[in-house]
Amino acid sequence: MENKDIKTFIKQLNNPPSEYSAIPFWFINDNFSKQKISEQIVDMKRKGIDIVIPHPRMGFDENIEYLSKEFFDVMEYIVTTAEQNDMKIILYDEGMYPSGSAGGLITRKNPKLKAKGIFLSDGSEGKTIVSLPQGKIVYSYSGGRIRGIHFGEDDGEENQPYAADILNPEAVKLFIEYTHEAYYQRLKKYFGNTIIGFFTDEPDPKGRCGTRAVFAWYDGLETDILKESGSLEDLIGLFEDKENSTIEIYKRLIKRREAEVYYKPIKEWCNSHNIALCGHPSDSDDVTQLLSFDIPGQDLVYRFVSTDTGDLEGVHSVLGKLPPDIASILGVKRVMCETFGCCGKWENSWDLPPEEMKYLIDYLGVRGTNMFVLHAFFYSLRGKRKYDRPPDVGINTEWWEDAEYFLKYIKRVSFLMSGVKMLNDVYVSCSDGKVPYQEVRDFYQNQIQFCYLPLELYKLADNKEILGFNADFSVDRFLPLRSLYFENYQPNIRVCHFIKDGIEAYFVVNTSSMSVSDNVVINNDANIIMYDLWSGQYYTPTRNKEGKFRLNLNGRSSVAIFIDKANQVRKIDKVEPIQIEVDFKLLSESINEKVYEAKYTASNVCGSETISLKAEETVRWFVNGKKVNVTFWNDHSCNIGRYLVEGENSIRIVVRGSTSNIYGDKKVEFGLF
């Protein structure tokens, strides 16, 4: 790992390279327009986006069949326009999802390759696996579908495409032929340069099956279960939601089959064509599948993690840490997560405040994610397209004009957390469907750094203790292992300790909306640099005789701490704000914007005069007609001192509300409070 001069490192962190860009899931969901495609690509590039995933989506041009010549005309134009704007493309492998069916083309060509599964039946259909008092468990077509890209092809609609049997090598071979090979034949000159990957999206062996209880199966699985001393009668546990040893065998064999039959040949194809396999599996606690990716990833969707429930509740809470931990063990530099999908508030899907977006980025970043796929940028919101898994977090949002603030933050987090060596205190064993989350709550809340360790990777672990599934997770014996700790118990603080480019570092996040102020000890007597990842400003705190320093973290804020062992950075004091009060008056308002103004008479300007206020949702700050800042969550605070003149000054703020007020069905209050 390269050792960098810390000054050079901070300079690069201020403006990271393009490879660390946020990555929009760009819904191509309306009629093809070269002008509109070009305008949106140029707009994204202007805001600091350098990588994009064009995602064929519901509402796609009705006159263009998926994977037809005309379809590839659209995709080629997108790729060539991206190349002209020095952007990279990750191709999406399906139309729409789950992946593996080539938009229904496989099953139309060969209906025998439809997705299959087992279900309880009277035995009038399919092959009987076992007869039980509750009925017969039979193996037949699951009836599973995928979402298509044209209206009329959605869940429950007449033309919804059938899912293919991705546990059947013949079906997967056709999937690669119809999709990957077809893209390559049309766009081969872009592979390995403009095109850097294929995104596979939550492949599901049984497809989307509605209300029917169906479980994945493949030809000969009953024999494989018996070989491992399982009992076919015990398969009833699947339908009764009861675990037993046979169910454990069944789940392991299904995951292994999917990895071998689906993921392996696709990864081999991608690697042989000089691109990466990325995306995410179907379940938050999948382990085997993550081992199959070049860039392992997950999907933060449906408010699995939110400011309502916190970051430690339920099995889905592991999705942010499991992929980075596996990547770290394997020495994989990049880790991906699709995020923001359907993460608007339950009662109003279009209402996703910037504060919550920052919360989700920090939840992922402090656990090691370093590629953020933003679900979604809508190409079009015409008609009912706006109801397809909102909200839009891109071009059509109220804050897009100021998106560079968020996009720069994401790029800094991505750069900071890429290619790091994690400095863990302990390993925690895990396997498919068995990823401890309740047991590790105290680890998070006491800043004890652990690493999920799949059983398959035991041999790669270093000499740290490995906690098995039935181990003692009491934190007391691990507290002395911490290299950073707070003087007081801080359950809302998350810490990641790592080496980046030869520099020892910590990423510290306050998950609470409340400020935290406490003394901190780092077991190192070198100088410390505190770097604000949002603003790019940094300072060197002063330690007392005991080696402690004061750390003040506002709600939802984060900081990177660097250990300056060579004392390369001179002493830089933190500039403390001087709070001033002004009286804002409402000047004007529209459907989602309110403009306020105040006058402030300045004398003996010192440069650190600051205004703090409460408002919803974003605040654009102007001093004497000059835009000086944009803030996105409470408390909104702006240092206006450097822009003041002696005498009277005009302070104007423009408060913009939720995008829900434009596109949603419910209005959200906004303005100064």
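Suppose the filter is more than 28 Å from Asp283 (Cβ to Cβ) and at pLDDT below 95; does Asn488 pass it? Quick ask: steps written out before the conclusion?
Numbers: more than 28 Å from Asp283 (Cβ to Cβ): yes; at pLDDT below 95: no.
No.
Is it fair to say Leu551 is open to solvent by less than 40 Å² (accessible area, probe 1.4 Å) and assigned to a loop (DSSP other than H, G, I, E, B)? Before the answer, list the steps.
Working: open to solvent by less than 40 Å² (accessible area, probe 1.4 Å): yes; assigned to a loop (DSSP other than H, G, I, E, B): no.
No: the conditions fail for Leu551.
Scanning for something open to solvent by 40 Å² or more (accessible area, probe 1.4 Å) and without any contact (Cβ under 8 Å) to a residue 40 or more places away in the chain, does the range 639-648 turn up at least one residue?
There is at least one residue in the range 639-648 that is open to solvent by 40 Å² or more (accessible area, probe 1.4 Å) and without any contact (Cβ under 8 Å) to a residue 40 or more places away in the chain.
Looking only at residues that are small (Gly, Ala, Ser) and assigned to a helix (DSSP H, G or I) in the range 324-352, which one is farthest from Ala276 (Cα to Cα)?
Out of the qualifying residues, it is Ser328.
Give all pairs with beta carbons closer than 8 Å in which a residue from the range 2-24 that is in contact (Cβ under 8 Å) with a residue 12 or more places away in the chain and farther than 19 Å from Ala403 by Cβ meets a residue that is assigned to a helix (DSSP H, G or I) and of a type outside the set (A, V, I, L, M, F, W, C); count only pairs at least 6 apart in sequence or on separate chains.
Lys4/Gln12; Leu13/Arg412
In the range 195-217, which residues are hydroxyl-bearing (Ser, Thr, Tyr) and open to solvent by 10 Å² or more (accessible area, probe 1.4 Å)?
Here is the first cut: in the range 195-217, the ones hydroxyl-bearing (Ser, Thr, Tyr) are 200, 211.
Once the filter is applied, which keeps residues that are hydroxyl-bearing (Ser, Thr, Tyr) and open to solvent by 10 Å² or more (accessible area, probe 1.4 Å), the range 195-217 yields only Thr211.
Would you please name the residue that is nearest to Phe191 (Cα to Cα), looking only at residues in the range 286-300 that are in contact with an Asp or Glu (Cβ under 7 Å, 6 or more places away or on another chain) and open to solvent by 10 Å² or more (accessible area, probe 1.4 Å)?
It comes out as Leu291.
Out of the range 499-540, which residues are aromatic (Phe, Trp, Tyr) and not in a strand (DSSP E or B)?
Trp534
I'm checking my understanding of the structure. Among residues of the range 503-518 that are touching a residue at least 40 places away in the same chain (Cβ under 8 Å) and open to solvent by 40 Å² or more (accessible area, probe 1.4 Å), which one is nearest to Met357 (Cα to Cα)? Full working, then the answer.
Residues of the range 503-518 touching a residue at least 40 places away in the same chain (Cβ under 8 Å): 503-515.
Still in the running and open to solvent by 40 Å² or more (accessible area, probe 1.4 Å): 513-515.
On the way: Ser513: 13, Met514: 17, Ser515: 18 Å.
Result: Ser513.
State all residues of the range 617-637 that are out of contact with any Leu (no Cβ under 9 Å at 6 or more places or on another chain) and not hydroxyl-bearing (Ser, Thr, Tyr); if no residue qualifies, say none.
Glu617, Arg620, Trp621, Phe622, Gly625, Lys626, Lys627, Val628, Asn629, Val630, Phe632, Trp633
Which members of the range 261-284 meet the condition of being in contact with a helix residue (DSSP H, G or I) (Cβ under 9 Å, 6 or more places away or on another chain) and open to solvent by 30 Å² or more (accessible area, probe 1.4 Å)?
Lys264, Pro265, Lys267, His273, Ser282, Asp283
Would you be able to say whether some residue in the range 477-493 is in contact with a Ser or Thr (Cβ under 9 Å, 6 or more places away or on another chain), in contact (Cβ under 8 Å) with a residue 60 or more places away in the chain and either surrounded by 19 or more Cβ atoms within 10 Å (Cβ to Cβ) or not charged (D, E, K, R) (or both)?
The answer is yes; a qualifying residue exists.
Which one of these does Lys585 not meet: (1) open to solvent by 40 Å² or more (accessible area, probe 1.4 Å); (2) farther than 30 Å from Val623 by Cα; (3) not small (Gly, Ala, Ser)?
Of (1) open to solvent by 40 Å² or more (accessible area, probe 1.4 Å); (2) farther than 30 Å from Val623 by Cα; (3) not small (Gly, Ala, Ser), only one is false for Lys585: (2).
Which one of these does Ser558 not meet: (1) open to solvent by 60 Å² or more (accessible area, probe 1.4 Å); (2) within 30 Å of Asn523 (Cα to Cα); (3) among the small types (Gly, Ala, Ser)?
Answer for Ser558: the failing condition is (1).
Hey, can you tell me all the residues within the range 66-104 that are aliphatic (A, V, I, L, M) and open to solvent by less than 10 Å² (accessible area, probe 1.4 Å)?
Step one: filter the range 66-104 for residues aliphatic (A, V, I, L, M), giving 67, 74-75, 78-79, 82, 87, 89-91, 96, 102.
If the condition is that a residue be aliphatic (A, V, I, L, M) and open to solvent by less than 10 Å² (accessible area, probe 1.4 Å), then Val74, Met75, Ile78, Val79, Ala82, Met87, Ile89, Ile90, Leu91, Met96, Ala102 are the ones that fit.
The values are calculated or read from the model by the stated rules, or taken from the named source; none is laboratory data. None of the values given here were measured: they were computed from a predicted structure. Neighbour counts are summed over all protein chains in view; Cβ atoms, including those assigned to glycine, are modelled from backbone coordinates with ideal geometry. Just so you know, the surface numbers come from the protein's heavy atoms only, side chains and all, with ligands and any DNA or RNA stripped out. Shrake-Rupley method; radii C 1.70, N 1.55, O 1.52, S 1.80 Å.
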